[in-house]
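The values are calculated or read from the model by the stated rules, or taken from the named source; none is laboratory data. None of the values given here were measured: they were computed from a predicted structure. Note that each Cβ is placed from the backbone with ideal geometry, even for glycine, and that neighbours are counted across all protein chains shown. Surface areas here come from the heavy atoms of the whole protein model, side chains and all, with no ligands, DNA or RNA. Shrake-Rupley method; radii C 1.70, N 1.55, O 1.52, S 1.80 Å.
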Amino acid sequence: MRTLAAVTAISFAPICVIPAAAQDWPTRPLTLVVPWASGGGTDVMGRIMARRMSEILGQQVIVENVPGGGGMVGSARVVRAEPDGYTFVFASRSDAIDMTLYKRPLYNLRTDLAPVVLVADQPTVLVARKDFPADNLKEFIAYVKKNQATVKLGSAGVGSTGGIDCELFNHLIGVKIQEIPYRGSGPAMQDLIGGHFDYFCTISGTAAAPLQNKLVKGIAVLSRARLPSVANVATSFEQGVDFEGSTWFGFLVPKATPPAIVKKLHDASVAAMTTPAVQEALAANGTYVVAPERRSTAYFEGFIGAEIDKNAAPLKAAGVSVD
């Protein structure tokens, strides 16, 4: 009986350790990996969330920019991290795109990362240098078609959602344009402001401030509704073009992270998302916090698989791929 009792105690020991560790978590600073360069819309949004989450969790959430590979390098860094909840990634639609765009992606989004929560959506905005000789989408399409041999397109990098949206838009209107990839939307926007290329599809968080300050020209918001932060820019649908582009953002952790820790990170994220000051700052950045019914971990898990499939179809149809 004494032997049986000892074996029983040993058998149940690991089960008792996990809840205790989760109960104490976090006991040190966390790292939020943003897989894009600093200064872009994703980085700004991540820092807004990180500041509030630091207050809620009682530990600093440090933002680490890890750009490259259409967001894959940063996400792969989290795949390899310890599954203890201290390292998580601000993933986006780019991660779903990468699963089809790259012939050999660095990780499997379906199996190598665990969902925490879907945070926000940002529509794509088509912007041009401020002296671009077109003021609306009809004029833009006519000009690009006539001058496609010399017009230059910038992007936040291969695999960036804005870059893919511009590729798909160009395919829709029947043009092939030379693309200049950057290591993030922030550096690309700076060069567009400087007039180093002609146009750029980017998330609203990157476009809002330059448009508000008249540093670039807004051609179209690629959505069905206008953006309050840049309400003077008409949508693609208003301008007679049935084309929509947007990017979602959410938190993911290494696959084996204990569910109790995922739950605590989820709850802290939702608390940050529902803070009025955070919502106000995100709205000014052209960002929509997702509706309450889309905030569960289970919802995000199903959403990721659907997004991989949804983005695969137009990429394959347009013949867009990267070795």
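With 0.36 nm allotted per residue and the present C-alpha distance subtracted, the Ser38-Lys214 stretch has 61.2 nm of extension available. When a/c is below 1.5 the answer is rounded, else prolate if a/b is larger than b/c, else oblate, so apply that to the range 226-288 with a ≥ b ≥ c taken from the square roots of the Cα gyration tensor eigenvalues. Since a/c reaches 1.5 but b/c is at least a/b, the shape of the range 226-288 is classed as oblate.
Calculate what fraction, in whole %, of the accessible area of the chain sits on carbon and sulfur atoms when a 1.4 Å probe is rolled over the protein chains. Could you put the intermediate results ahead of the total?
Values: 7890 of 14100 Å².
On the chain, the fraction of accessible area on carbon and sulfur atoms equals 56 percent.
On the beta carbon distance between Lys130 and Ile56, with R0 = 51 Å, the FRET formula returns roughly 0.80.
A simple charge model with +1 on the Cβ of Lys and Arg, -1 on the Cβ of Asp and Glu and nothing else charged puts the dipole of the range 149-239 at about 160 debye relative to its Cα centre. Taking every protein chain into account, the accessible area of the chain amounts to 44 square angstrom per residue (probe 1.4 Å). Put the Cα centre of the range 199-259 next to the Cα centre of the range 291-313 and the gap is 19 Å. The angle separating the long axis of helix 161-173 from the principal Cα axis of greatest extent in the chain is about 40 degrees.
Using θ = phi - 60° and the Karplus curve 6.51 cos²θ - 1.76 cosθ + 1.60, what whole-Hz ³J(HN,Hα) does each residue of the range 90-101 get, with Gly and Pro shown as x? For the range 90-101, the Karplus-derived couplings read 8, 6, 8, 3, 4, 4, 5, 4, 4, 5, 9, 4 Hz, x marking Gly and Pro.
Extension gain Ala312-Thr150, at 0.36 nm per residue separation less the Cα-Cα distance, in nm?
Net length gain for the segment: 55.4 nm.
Helix 137-146 and the long axis of the chain differ in direction by around 70°, with both axes built from C-alpha atoms. Among the listed options (i) 133; (ii) 123; (iii) 153, the one matching volume of the Cα convex hull per residue in Å³ as calculated from these coordinates is (i).
Please arrange Ile193, Ile219, Ile62 by accessible surface area, largest first, computed with a 1.4 Å probe and ligands excluded. Don't jump to the answer; show the numbers that get you there.
On the way: Ile193 50, Ile219 5, Ile62 75 Å².
My answer, sorted largest first, is Ile62, Ile193, Ile219.
Run the dipole for the chain about the Cα centre, Lys and Arg Cβ at +1, Asp and Glu Cβ at -1, nothing else charged, and hand back the magnitude in debye, nearest 20. Working shown, then result.
Details: 30 positive and 28 negative charges, 39 e Å.
Once rounded to the nearest 20, the dipole reads 180 debye.
Listed by chain and number, the aspartates and glutamates whose alpha-carbon sits under 18 Å from that of Lys152, ignoring those within fewer than 8 places in the same chain, are Asp131, Asp135, Glu139, Asp165, Glu167, Glu179, Asp191, Asp198. Placing pseudo-labels 7 Å out from each Cα toward the beta carbon at Ala271 and Arg183 gives an inter-label distance of 3.6 nm.
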